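Visitor: Take a look at the following structure, please.
The values are calculated or read from the model by the stated rules, or taken from the named source; none is laboratory data. These numbers come from a predicted model, not from an experiment. Cβ atoms come from the backbone with ideal geometry, glycine included; neighbour counts cover every protein chain shown.
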Amino acid sequence: MAIDNRIFHIEMKGMVDRMEYKITLIGGDGIGPEIITQARKILDRVGEVYSHNFVYKEILMGGVSIDETGVPLTDEALKIAKDSDSVLLGAVGGNVGQSNWYSLPPHLRPEAGLLAIRKGLKLFANIRPAILFDELKGACPLKEDIIGDGFDLVVMRELTGGLYFGDRSTVTENGVRKATDTLVYDENEIRRIARRGFDIARKRRKKVCSVDKANVLDSSRLWRTVIEEVAKDYPDVELSHMLVDNCAMQLVRDPKQFDVILTENMFGDILSDEASMITGSIGMLPSASLGEKKLGLYEPSHGSAPDIAGQDKANPIATILSAAMMLRYSFDLEEEADKVEEAVRSVLKDGNRTIDIMSEGMKLVGTNEMGDLIASYI
Ligand code: NAD
């Protein structure tokens, strides 16, 4: 029975109904292939336990694609991604000082593949959770009385509009150099990200804090107006507004107050980095980029870490938590996503640590063993 064009119910022998999900896997460069292998291990285990069929297609992107095809993402690879239900990415890029990839023009470098896939999949909303695991409180740079029982928030950033995409120019007038950037949003761009933000809040603690600079900027005043219009369709979600400068302070003063921070492109760029810093561990942070439909791109927030590639040292947890986000946001598999997140917590509680989060008295494990341990809890 077809549910939509891409997701099917199929009858398996023994009368068990199994859902099939088509996942595009992109190992990419550096530690990418190692961490994707671990995420796949977890997905396979989820499939086994919950009777889902995860069907994978691997594509090349980044430096490996340049070496193989001359470009960071081929049209064929993009088509495979477009035709799937979701995309899980490791990371792309090499050592900027050493790799030949960086002598190529910018549109042919590994990171151009990222821009091409985001554009090709029409992704406009970026979600970056900042979760402080109880077991890793020691890595958090904030004081203990601020952290309390930890925090769990997401920064939702508009990805395709605003200052980074407006007209820009640099001119010299009467011998004086002048540069201009324009910040433009139309109501449709604001409305679609607002809907996404409220939808995500519904799957969490049902609180949206919309962040703007409405005391100064016209674009922010329109942002606030449209957010309030959309909020009427979500009476079960509590909406508040905060100015961006205050939000930057509140994130370090009391991060527990936030559930979903919803904001425009540049503010989100800055606030999401600040939010991830206060968790203290880059190897733990997942992210998702979403568009109008269910298809999303899920990837860890960190890069390809060429310095530790191929040494079984990489922390696979950010990628495994990205796979959990995929289960939740693209496939609506809440229980399965919860299970993966719980498994991560359990493994940390048992004292297992990769080298980046290692502390005294804990047990050092490699990339592969960390994947095995997490899988064993599912
Ligand atoms: P990075 O995040 O790759 O590494 C920064 C530091 O964190 C390194 O010391 C690395 O060893 C460590 N680290 C990162 N992820 C880790 C993990 N999972 N486990 C353990 N340690 C980890 O950032 P960078 O060094 O600035 O960039 C390296 C390459 O990655 C560059 O080519 C850059 O362009 C690329 N990059 C790609 C993405 C992406 O694919 N989305 C994002 C950021 C950077």
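Visitor: At pLDDT 95 or above and in contact with a His (Cβ under 8 Å, 6 or more places away or on another chain): does that describe residue 333?
Guide: Yes: the conditions hold for residue 333.
Visitor: How many residues are within 24 Å of the chain's Cα centre (by Cα) and not aliphatic (A, V, I, L, M) if we restrict to the range 77-109?
Guide: If we filter the range 77-109 for residues that are within 24 Å of the chain's Cα centre (by Cα), which is where we start, we get 77-96, 106-109.
Retained after the next criterion (residues that are not aliphatic (A, V, I, L, M)): 79, 82-86, 90, 93-95, 106-107, 109.
Final tally of qualifying residues: 13.
Visitor: Are any residues in the range 90-111 touching a residue at least 12 places away in the same chain (Cβ under 8 Å), farther than 23 Å from residue 160 by Cβ and either assigned to a loop (DSSP other than H, G, I, E, B) or away from the ligand (no atom under 11 Å from the Cβ) (or both), and if so, which ones? Break it down into steps so the answer makes sense when it comes.
Guide: Start the filter on the range 90-111 by keeping residues that are touching a residue at least 12 places away in the same chain (Cβ under 8 Å), which leaves 90-95, 99, 101, 104, 108-111.
Remaining after also requiring farther than 23 Å from residue 160 by Cβ: 90, 94-95, 99, 101, 104.
94, 95, 99, 104 - these are the residues of the range 90-111 that are touching a residue at least 12 places away in the same chain (Cβ under 8 Å), farther than 23 Å from residue 160 by Cβ and either assigned to a loop (DSSP other than H, G, I, E, B) or away from the ligand (no atom under 11 Å from the Cβ) (or both).
Visitor: Separate question: Among the residues that make up the range 4-16, is at least one of them of a type in the set (A, V, I, L, M), modelled with pLDDT of 95 or more and assigned by TED's automatic domain parsing to the domain that holds residue 72? Spell out how you get there, then give the answer.
Guide: Going through the range 4-16, the residues of a type in the set (A, V, I, L, M) turn out to be 7, 10, 12, 15-16.
Next, from what is left, pick out any that are modelled with pLDDT of 95 or more: none.
No, every residue in the range 4-16 fails to be of a type in the set (A, V, I, L, M), modelled with pLDDT of 95 or more and assigned by TED's automatic domain parsing to the domain that holds residue 72.
Visitor: Can you go through 151, 124, 133, 165 and tell me which one is in contact with a Ser or Thr (Cβ under 7 Å, 6 or more places away or on another chain) and aromatic (Phe, Trp, Tyr)? Break it down stepwise before answering.
Guide: On the way: 151 fails: in contact with a Ser or Thr (Cβ under 7 Å, 6 or more places away or on another chain); 133 fails: in contact with a Ser or Thr (Cβ under 7 Å, 6 or more places away or on another chain); 165 fails: in contact with a Ser or Thr (Cβ under 7 Å, 6 or more places away or on another chain).
None of the others qualify; the one that does is 124.
Visitor: Something else now. Filter the range 155-191 for residues that are in contact with a Phe, Trp or Tyr (Cβ under 7 Å, 6 or more places away or on another chain) and either assigned to a loop (DSSP other than H, G, I, E, B) or surrounded by fewer than 10 Cβ atoms within 10 Å (Cβ to Cβ) (or both) and give the result.
Guide: Quick first cut of the range 155-191, residues in contact with a Phe, Trp or Tyr (Cβ under 7 Å, 6 or more places away or on another chain) only: 158-162, 185, 190.
Result: 159, 160, 161, 185.
Visitor: Separate question: Would the range 93-115 turn up any residue that is in contact with a strand residue (DSSP E or B) (Cβ under 6 Å, 6 or more places away or on another chain) and surrounded by fewer than 18 Cβ atoms within 10 Å (Cβ to Cβ)? Step through it out loud before you land on a result.
Guide: Restricting attention to the range 93-115, the residues satisfying the condition of being in contact with a strand residue (DSSP E or B) (Cβ under 6 Å, 6 or more places away or on another chain) are none.
Among the residues of the range 93-115, not one is in contact with a strand residue (DSSP E or B) (Cβ under 6 Å, 6 or more places away or on another chain) and surrounded by fewer than 18 Cβ atoms within 10 Å (Cβ to Cβ), which makes the answer no.
Visitor: Looking at the range 145-154, which of the residues that are among the acidic types (Asp, Glu) and surrounded by fewer than 15 Cβ atoms within 10 Å (Cβ to Cβ) is nearest to residue 135 (Cα to Cα)? I'd like the intermediate steps shown before the answer.
Guide: Kept after step one, since they are among the acidic types (Asp, Glu), are these residues of the range 145-154: 145, 149, 152.
Subset that is surrounded by fewer than 15 Cβ atoms within 10 Å (Cβ to Cβ): 145, 149.
Values: 145: 16, 149: 10 Å.
Restricting to residues being among the acidic types (Asp, Glu) and surrounded by fewer than 15 Cβ atoms within 10 Å (Cβ to Cβ), the top hit is 149.
Visitor: So, one more: Filtering the range 15-59 down to residues that are part of a loop (DSSP other than H, G, I, E, B) and either within 16 Å of the ligand (Cβ to nearest atom) or touching a helix residue (DSSP H, G or I) at 6+ places or on another chain (Cβ under 8 Å) (or both), which residue is nearest to residue 373 (Cα to Cα)? Even if it seems obvious, please write down each step before you answer.
Guide: Of the residues in the range 15-59, the ones part of a loop (DSSP other than H, G, I, E, B) are 15-16, 29-31, 51, 59.
Those left that are additionally either within 16 Å of the ligand (Cβ to nearest atom) or touching a helix residue (DSSP H, G or I) at 6+ places or on another chain (Cβ under 8 Å) (or both): 29-31, 59.
Numbers: 29: 24, 30: 23, 31: 19, 59: 27 Å.
Looking at the filtered set, the residue picked out is 31.
Visitor: While we're here: Taking the range 308-365 as the region of interest, how many residues are of a type outside the set (A, V, I, L, M) and assigned to a helix (DSSP H, G or I)? Working first, answer last.
Guide: Step one: filter the range 308-365 for residues of a type outside the set (A, V, I, L, M), giving 310-313, 315-316, 319, 322, 328-332, 334-336, 338-339, 341-342, 345-346, 349-354, 356, 359-361, 363.
Adding the requirement that they be assigned to a helix (DSSP H, G or I) leaves 319, 322, 328-329, 334-336, 338-339, 341-342, 345-346, 349, 356.
Looking only at that region, the number is 15.
Visitor: Checking residue 369 against (1) surrounded by 20 or more Cβ atoms within 10 Å (Cβ to Cβ); (2) assigned to a helix (DSSP H, G or I): exactly one of these is not met. Which one?
Guide: Here residue 369 clears every test but (1).
Visitor: Of all residues in the range 112-135 being in a helix (DSSP H, G or I), touching a residue at least 12 places away in the same chain (Cβ under 8 Å) and within 13 Å of the ligand (Cβ to nearest atom), which is farthest from residue 298 (Cα to Cα)?
Guide: Taking the candidates together, the pick is 112.
Visitor: Follow-up. How many residues are more than 23 Å from residue 110 (Cβ to Cβ), modelled with pLDDT under 95 and either in contact with a strand residue (DSSP E or B) (Cβ under 9 Å, 6 or more places away or on another chain) or not charged (D, E, K, R) (or both) if we restrict to the range 292-318?
Guide: Residues in the range 292-318 being more than 23 Å from residue 110 (Cβ to Cβ), modelled with pLDDT under 95 and either in contact with a strand residue (DSSP E or B) (Cβ under 9 Å, 6 or more places away or on another chain) or not charged (D, E, K, R) (or both): 1 in total.
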